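Enquirer: Encoded as structure tokens, here's the structure I'll be asking about.
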Amino acid sequence: MGSQTIRLGRLFGLEIGFNWSLLPFFLLVAWTMATEVLPSGAPGLSSTGYWIAGVLGTVVFYACLLAHELSHALVAKRKGVKVAGITLWLFGGVTQLEGEPSRAQDQALITAVGPLTSLVLAAIFFGAQQLLTSLNAPLLLVTLSAWMALLNLVLGVFNLVPALPLDGGRLLGTAVWWRTGSKDRGTTGAVRVGRFFAYLLIALGALEVLAGGLLNGLWLALIGWFLLSAGAAEGRQVGIRSRLRQVPVAAVMSSPVPTLPSWLTCGQLAEAGGPGAGLYALHGVGGEPMGYLPRSRADEAVRAGHPERRLEEVALAAEQLATVRPDENLEAALLRLGPRLEQGALVVANGQLVGTLSAADLARVAALAPLLARGPQH
Ligand SMILES: [Zn+2]
């Protein structure tokens, strides 16, 4: 999770957090409810009462968003895709998957369950509203239920719009992937539809503001702006990915295997400095193998005030490290490694260790990328 994420806790073994950007939107939703929705639906209460109900309603709304994201995450787990965690932000959430399903059908299922969850929640709140009305319950509760039903309905339908990064865009991309066999082509198409939709929302928002509907107009424009920036990020990702797919692990790994004497101390390694590798094989005095050292573990020991620790003391066994193949493409390898890239991976071909792959190797290649991308001038 990023540094701007505030941790909320764990649920179903998943890390749940929220981004600071959620707070102004939380207030905007609460404000809309406390000053417009609730007073018109259940008149005659104090403004403190409306605000308390508005804030509680907003908490329930974000709980519904969390349920939407959880459904994505749980189906992904079922389909064998690791889930790093869920982050709520603005008026939505992001489920971070480590890796991707390899089959279009699985991707479709993981995506479709989110809007489905929102629509089911809308139906439940609608039922609750009917029940509360028939029981002559306080108007405030009836209005809250009706509003939750509406919000979840909007959430479900809005997410089905075929524009990335919305679920509908992902479904469109998956459908194209299924038909053409090309994942990139699906994503690129969905990003383009998404951009069109985003500009449309911003234009509608501006018209609404000109027509005097400041709050509604601002909402539309904000959602449009959010879609625009999120879609652009998706588009960049496709570009990076298709480039990564053309590069085999063998082209960027540290090879021959970088080695260090196991009796060096973490402090000595830190002082040696230089770019170096991210994962070393250690050897003893007689040249015998002494395990593997992720550079990050040595740096950690120094930071923790133990520069005198020997490399062999913080080393890992081969079984504790991930392995990749030299002929594997970088996209597949990186998706599989996820955060384990931090420690580095052993590159193994036919049972033989031929190199190591780590974030340091990628950083070295990334530094060259701008030069390569520039190409010939015209
Ligand atoms: Zn979703």
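Each value in this text was obtained by applying a stated rule to the coordinates, not by laboratory testing. Since this is a predicted model, take the numbers as computed values, not measurements. All Cβ positions, even for glycine, are placed from backbone atoms using ideal geometry, and neighbour counts span all protein chains on display.
Enquirer: Just rank 327, 167, 106, fewest to most, by other beta-carbon atoms within 10 angstrom.
Expert: On the way: 327 10, 167 25, 106 18.
Ascending number of Cβ neighbours within 10 Å: 327, 106, 167.
Enquirer: For segment 249-373, what number results from the quotient of the Cα radius of gyration and 2.2 N^0.38 Å?
Expert: 1.05
Enquirer: Counting Lys +1, Arg +1, Asp -1, Glu -1, what net charge surrounds residue 311 among other residues with beta carbon under 15 Å of its beta carbon?
Expert: Values: positive: 295, 297, 309, 310; negative: 271, 288, 299, 300, 308, 312, 313.
Value of the local net charge: -3.
Enquirer: Next up: In degrees from 0 to 90, rounded to the nearest 10, what is the angle of the helix 22-32 Cα long axis to the longest principal axis of the chain?
Expert: 0 degrees
Enquirer: Compute the distance from the alpha-carbon center of segment 293-369 to that of segment 13-69, in whole Å.
Expert: 45 Å
Enquirer: Hey, another quick one. Within the chain, which is the longest segment that contains none of the chymotrypsin sites (Phe, Trp or Tyr not before Pro) sitting in a DSSP loop with at most 13 other Cβ atoms within 10 Å?
Expert: Details: sites that count: 12, 20.
After excluding every exposed loop site, the longest remaining stretch is 21-378.
Enquirer: If you put +1 on each Lys and Arg Cβ and -1 on each Asp and Glu Cβ, how big is the dipole of segment 249-373 around its Cα centre, in Debye rounded to 20? Can you show the working numbers first?
Expert: Values: 9 positive and 13 negative charges, 26 e Å.
Value, rounded to 20: 120 debye.
Enquirer: Hey, another quick one. If I model a spin label as a point 7 Å beyond the Cα along the Cα-Cβ vector, how far apart are those points for residue 243 and residue 182 in nm?
Expert: For the pair residue 243/residue 182, the computed spacing is 1.9 nm.
Enquirer: What do you get for the angle between helix 359-374 and the principal long axis of the chain? Use alpha-carbon atoms, 0 to 90 degrees, nearest ten.
Expert: 80 degrees
Enquirer: Got a sec? Charge dipole of the chain, +1 on Cβ for Lys and Arg, -1 for Asp and Glu; which of 30, 75, 57 is way out at the positive end?
Expert: About the Cα centre, the residue reaching furthest to the positive side is 75.
Enquirer: Toward the positive end of the charge dipole of segment 249-373, about the Cα centre and with charges on Cβ (Lys, Arg +1; Asp, Glu -1), which of 284, 329, 317 goes farthest?
Expert: In segment 249-373, that residue is 329.
Enquirer: Right, here's the next one. Using θ = phi - 60° and the Karplus curve 6.51 cos²θ - 1.76 cosθ + 1.60, what whole-Hz ³J(HN,Hα) does each residue of segment 61-77 get, with Gly and Pro shown as x?
Expert: Here the 3J(HN,Hα) series is 4, 5, 5, 5, 4, 5, 4, 4, 5, 4, 5, 4, 5, 6, 5, 4, 4 Hz.
Enquirer: In debye to the nearest 20, how big a dipole does segment 5-245 give about its Cα centre with +1 on each Lys and Arg Cβ and -1 on each Asp and Glu Cβ?
Expert: 1020 debye
Enquirer: Given 10 Å bins starting at zero, what is the percent of C-alpha pairs of the chain in each, up to the one with the largest pair distance?
Expert: Bins of 10 Å from zero give 5, 18, 24, 22, 15, 10, 5, 1, 0 percent of pairs.
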